[in-house]
Structure formats: structure tokens, C-alpha cells
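Below: the structure, in C-alpha cells.
The values are calculated or read from the model by the stated rules, or taken from the named source; none is laboratory data. The shown structure was predicted, so the numbers you read here are calculated from the model rather than taken from an experiment. Glycine gets a Cβ as well: all are built from the backbone with ideal geometry, and neighbour counts include every protein chain shown. Just so you know, the surface numbers come from the protein's heavy atoms only, side chains and all, with ligands and any DNA or RNA stripped out. Shrake-Rupley method; radii C 1.70, N 1.55, O 1.52, S 1.80 Å.
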Amino acid sequence: MEQALAGCVFSRPQRIMLLTPDAGLRDMLTTLWEPGQVEWTHSERGRGAIEHLFTEPPDLLIVDNDLPDIKGLEVASIVKSENVYRQLPIILAASEEAVAASSWCGVEVDELLITPSSPTRVKALIYLTLARASRSFDANPLTRLPGNSSIIQRIQEMMDRKEDFALAYADLDFFKSFNDKYGFSRGDEVLMMTARVIVTTIRSFTGVRSFVGHVGGDDYVFILPPDTVEAACQRVVESFDSIVPHFYDEEDRARGSIVSTDREGAIKTFPLMAISIAVVFNEGGRLTHYGQASQIAMSLKKKAKENKKSCYVLDSRGRNAVREEPE
Amino acid sequence: MEEDLKTERKGQLLAVKDLPTLPTVLDEVSKLVARPESTTEQVARLISMDQVLSAKVLKMVNSPIYGFPGRISSISHALMLLGFNVIRGIIVSTSVFDVMTKNMVGLWEHSIATALASSTIARSCGLRDPDEYSVAGLLHDLGKVVATVQLPELKTAIESLVKQKDLTYLAAERELLGFGHDRINAWLAAHWKLPPNIKEGMDHHHSPQTAQLYPEMAAVVHLADFLARLYEFGSGGDDNVPFVQSEAFKILKIKPKDLEAICDTLNERFVEVSDLKFT
């Protein structure tokens, strides 16, 4: 078992709360991982633990169906009915007979741990539950790309390992005016298209470490090795510019602009949407904190935004260069 | 949308099933896709030569899963959005029917010729996005393929009717099925959620005068079909050169003699593809 599950290590220590009066189950669970991998909080009763659960939510809650003071399912339903705790994954531990007899389907538990069970099964079940929760936790609801905390975590990890990488921030110019004129659902189409253009472009660089995330709205992030990022920016800009006109109505596309209201409410003419990309390089461990990278990116972004057409700005160790697609 | 199309005479069904594709193109595309230095344009050019693969790619990129149904009508845009992985998946899962090449000898060449003629006409009429006209041209006879692959006995019946009464393929289809491949095209395009311009080119290429939204598209494919038959490049299933609807000229604001200049360009482009053999 140790060998088969050796790869199942967590990138940071996980905090798991266990509510069970069953000492056997507790002993089995708390010895599944090396100390330091998982930090266990155990309680034999349910009521007192709920407050603790709300003030310091763990990464995972394992709750026994048979608690002396409250039903396990009831604990689960209290947690899941609060929007801020809903993403907390819950494993309900119950015997085969109890599962057959209770109506657990109506409660939003994430997994069932049928007791008794073997350590191998239980370890795999817990690992998968935690991995699934971290994948879906901050995924963008529209594009399903990893969201902010995954992005920050990825960048910080690469910085900590002193890995060389290029971090690109992409966003759309004149997206707001498009949204105002065509409505949110047409705007979402453009966001989906943009995500797709970035994903397929980044995936086309095979055999390298890469990452694509969606910060939210029209803000995207991608990571590539420093020597491939410029080619990727070129392709993203090219593809975006050739596809985006097709998301406008015939006459706007023909005219190459739209009439919409600006932030002050005045009627104005806006060009078709463009994509701006700012690229920060981290080479030789130059950056040590995520905040440094995003700060550099934001100042580059201003430079890119001065250009109304699609373009990318590279921060080449202090030497900035703006590139735009030739007409 | 999962509805099958019921024929009117014998109650036979055209089912939403896998469609055939052409083996050599499939092979070529796979090779190109496997090479990392291949460009989107190269792959798009190859895929554009296969009507079934083209239709599948467009169907995929316009499916609601990707979030922008009905927006994409160019193969190279589809490739940029789907990526090589998805394309590879489409190719691998596209079943190859030998029946197809044997069944409709010459139809593929006719489709390529119509695609080339469509983009040539669109370009000379100053229409935007000529490549999209080429897609509609390529797919304009897809309904014939689907009908004969799914109802094999129908093919023999149509062919003998064409010979016996010297009918057009369309007239024979109508007599035997109750409707022609233009209606089958409409069904396929709707089922695949193809953009409305491609759909109108496919289902109104015999009747551009009744196209509601994109009469230029229908008129271009109509004239292109005519030119491809005039040049006898490939075969549409009968020996007739179809009747040209004069409305097509009106819609495109050209005169019949403008076709001469178009034919000059076409002569060269047909030479380019004449040595492409896909058997």
C-alpha cells in the first residue's frame, strides 16, 4: 500500500476534522499519513465541534453517522446550507446497513466511507476527495479554468523552486462596451472564445510546463517557459484578431466599430475588441513573491493599453518592448 | 435535435449516425497533425478538402459545450479554437466507409470543384470571408452522401431512375424520397448547429431565390455547382448541367458574361487540384 500510494502526497499539509466516537476508526485514519502531511482534529461528539468548524474550517470533514449527540447527516446539512462553508468537502462514515436505511441522498455529502473498510481504500478515498475539492474550489464557473487561488499557488510554487518561467497577463480592450451593447450572454461567448484561444495555443507547445488560469471577467493568466512565450503571444493575438469580428453583428463587423455608451453614460464609438498581454519574466530567481510579479505586470499592462490594437508587452529584465501585429 | 429525418414515400429513416470520410485525406491530416511544426493553415487546407471531416469539425466547434454556438464558419478558426488534440480525436473516431468512395464516384471531386468555384465567385463579387463560401460549396451535396450511405438500396433506385427518365439527381431523389438532398442538408445543418450562412448555402443551392437570410451564399454555391458541372470536374450523380436560376445573377449584382472572367481564374485553380488523387 505504501508503494502504490506513495505518489499521493499533498502540496501543503491538509487539516482534516474527524467526528467519531469509534476509537478503531480514529486510530486507523490518523495513522494513514506521516505526521506533518495531515493535521487531524478529533472529537467524539458533534455539537461542540460545529462552532470550531465554523470559526476554523478544515480542508475536509469526516463525520460519523452515529454520533452520540446529533446525527452525522444533520451536521453535514448544517455545514452545506451555509454558502461560505459549502465548498468544504464532507465524507460521511456509516455502516452498510446504516447507508441502506438512511436517506443520505438529500444531503450534500461528497463521499460515503462505508465502515468497516481497509486502510488502502480509505486513504485513496480521502486523497481523491481532497484533490477533487481543490480542483473545483476556485474553478471559473464559466470557463472551468483554475481561478485566483490556484493561479497564485502555482506562481508561488514555481518561485519557491526557483524555476525560470514567463508569466503572461491577458485582458480584453473594449469588452465592457461590447457587453453593454450586446448583453451578458454574448459577452460570455467572447470570454469562452478567448479562453479557448489561449488554451489551444498554450497546449500546442508540447513537452513544456505550462498553465492557464482565469482570474475572472476578461482577465486571464498563462505561464510558459521564457523562450516560448513570445511565439505564444503572437499566436494568441493573431487568432483572437481573426476570430473576434465574427462575434459582432454583420453591420458592426463591416464598420469595424460599435456605438455604445461609455462609463460616463455618453454615447460613443468604440473599436472592435482587442487583446492586450503583459509578460513578466522570472529568471535566475529574480522574483521571490507573487506580489512582485503582479505589480510589474500591472505597470506593463498600462503600457499595453496605450495601444488600442491587440499587442503584447515583454518585460525583458528591465528592457520593455511593445509588439503589435503588423497590419 | 436528435430527431431522425423520415422520408415521405416509404417511411424509411435517415438516422443521425456517423458519417463516412475519405481515407487518404484522413491519413494526410493525421500525419500533418502529428508533426509539431505544422501550421494551422496547412491543416485547415487539408481538412477543407474533406467534406465529412469539415462538417464534423464545424459541428464540434459550434456545439454548445464550447459556449459560442453558431459563430464559427471557417475551418482555420475552428482549428484555432479546438486545438490539435480535439481534431486528432475527431479524426480517430471518424469511421471510414469504403462504401462512400465506391458508392458516389466523382462526388468528392465535384465537391472540391464547387468549393473552389464558390470562393472564386465570392472573391470576384467582393464578398467578405470568401473561405466561408468555400465551406458551403464543399458541403453542398453532403445530403446525397448521407442518404445513399444510410439507405444503400436507394442509391440504385435513384441511379436507374436518372438513366431511365434522364432526370436530374435532385428530381430522382424527390420522386423516390419525397424530397431532395437540399432538405437533407437543412436537417444535417440544423442538427449540427452550423452557422446560418453555411446552412443556407447548403439547403438553398438549388433555389437561391428563396434564401431568406444569406441569399448571396445560396447564389454563390448555386453558380459554383453549375460551373463545376460545366467543367465536368467530378460528378454530381447525373450528366445534366443544372438549370441556372437567373435570380442568382441578380442577387450577386453580376451579369452572365462576368462568369467568363471567373472561369479564367477557375481554369488555373482547377489545374492546381487536378493532380490531387484521393482514392
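Within the stretch B:43-67, the residues that become at least 30 Å² less accessible when every protein chain is included than when their own chain is isolated (1.4 Å probe; DNA, RNA and ligands ignored) are B:Tyr66, B:Gly67. The ratio of the alpha-carbon radius of gyration of the stretch A:14-137 to the globular-protein estimate 2.2 N^0.38 Å is 0.96. Between chain A and chain B, roughly 1500 Å² of accessible surface gets buried, counting both sides and using a 1.4 Å probe.
With R₀ set to 51 Å, the beta-carbon distance separating A:Phe184 from B:Thr265 gives a calculated FRET efficiency near 0.70.
Computing FRET efficiency as 1/(1 + (r/R0)^6) for A:Thr31 and A:Asp164, where r is the C-beta to C-beta distance and R0 is 35 Å, gives about 0.30. Within the full protein context, the accessible area of A:Leu142 is estimated at about 60 Å² for a probe radius of 1.4 Å.
In the structure shown, the pairs A:Lys176/A:Lys302; A:Lys181/B:Lys253; B:Lys144/B:Lys253; B:Lys144/B:Lys193 are assessed against 25 Å; a Cα-Cα span above that value is assigned to A:Lys181/B:Lys253; B:Lys144/B:Lys253. Largest accessible area first, the listed residues B:Lys165, A:Lys301 line up as B:Lys165, A:Lys301 when surface is computed with a 1.4 Å probe on the assembled protein chains. Between A:Asp219 and A:Ala124, what FRET efficiency comes out of the Förster formula 1/(1 + (r/R0)^6) with R0 = 41 Å and r the beta carbon distance, rounded to 0.05? The pair A:Ala124/A:Asp219 has a calculated efficiency of 0.65. Find how many whole Å separate the alpha carbon centroid of the stretch A:216-231 from the alpha carbon centroid of the stretch A:248-280. So the two Cα centres are separated by 23 Å. The order of A:Arg86, A:Arg154, A:Arg47 by accessible area, most exposed first and with a 1.4 Å probe, is A:Arg47, A:Arg86, A:Arg154.
Taking a spot 7 Å from the Cα of B:Lys253 along the direction of its beta carbon, which residues of the stretch B:104-140 have an amide N less than 16 Å from it? Residues passing the 16 Å test: B:122-129. Rolling a 1.4 Å probe over the protein heavy atoms leaves B:Arg35 with an accessible area of roughly 110 Å².
Computed over protein heavy atoms with a 1.4 Å probe, the accessible surface of the stretch A:148-324 works out to 44 Å² per residue.
Taking max minus min of the alpha-carbon positions on each principal axis, the stretch A:148-324 gives extents of 51, 32, 29 Å, largest first.
Volume of the convex hull of the protein assembly as shown (Cα atoms only), normalised per residue: 210 Å³. Spatially, the stretch A:17-80 and the stretch B:102-146 are offset by 66 Å when compared through their Cα centroids.
Straight-line cross-link partners of A:Lys303 among the lysines, defined as a Cα under 18 Å from its Cα and at least 8 positions apart when in the same chain, are absent. Expressed as a whole percent, the accessible area of the stretch A:14-137 that falls on carbon and sulfur atoms is 51 (1.4 Å probe).
A probe of 1.4 angstrom, applied to the heavy atoms of all protein chains, finds B:Trp108 with accessible area near 20 square angstrom.
Surface composition of the stretch A:188-263: carbon and sulfur atoms hold 44% of the protein heavy-atom accessible area at a 1.4 Å probe. Of the residues A:Thr228, A:Thr31, A:Thr41, the one that moves most in a GNM of chain A with alpha-carbon contacts below 10 Å is A:Thr31. Cross-link pairs exceeding 28 Å in C-alpha to C-alpha distance, out of B:Lys155/B:Lys199; B:Lys6/B:Lys165; A:Lys80/B:Lys59; B:Lys56/B:Lys155; A:Lys268/A:Lys305; B:Lys163/B:Lys250, comprise A:Lys80/B:Lys59; B:Lys163/B:Lys250.
Considering only A:Asp188, A:Asp227, A:Asp241, the Gaussian network model of chain A with Cα springs below 10 Å gives its largest mean-square fluctuation to A:Asp227. For the stretch A:272-287, the residues whose amide N sits under 19 Å from a probe point set 7 Å from the Cα of A:Lys308 along the beta carbon direction are A:272-277. Spin-label model, B:Ala190 to B:Lys31: label points 7 Å out along the Cα-to-beta-carbon direction sit 4.2 nm apart. Over all Cα atoms in chain A, the spread is summed up by Rg and Dmax: 24.8, 74 Å. Between 0 and 90 degrees, the angle of helix A:148-160 with respect to the longest Cα principal axis of chain A falls at about 90 degrees.
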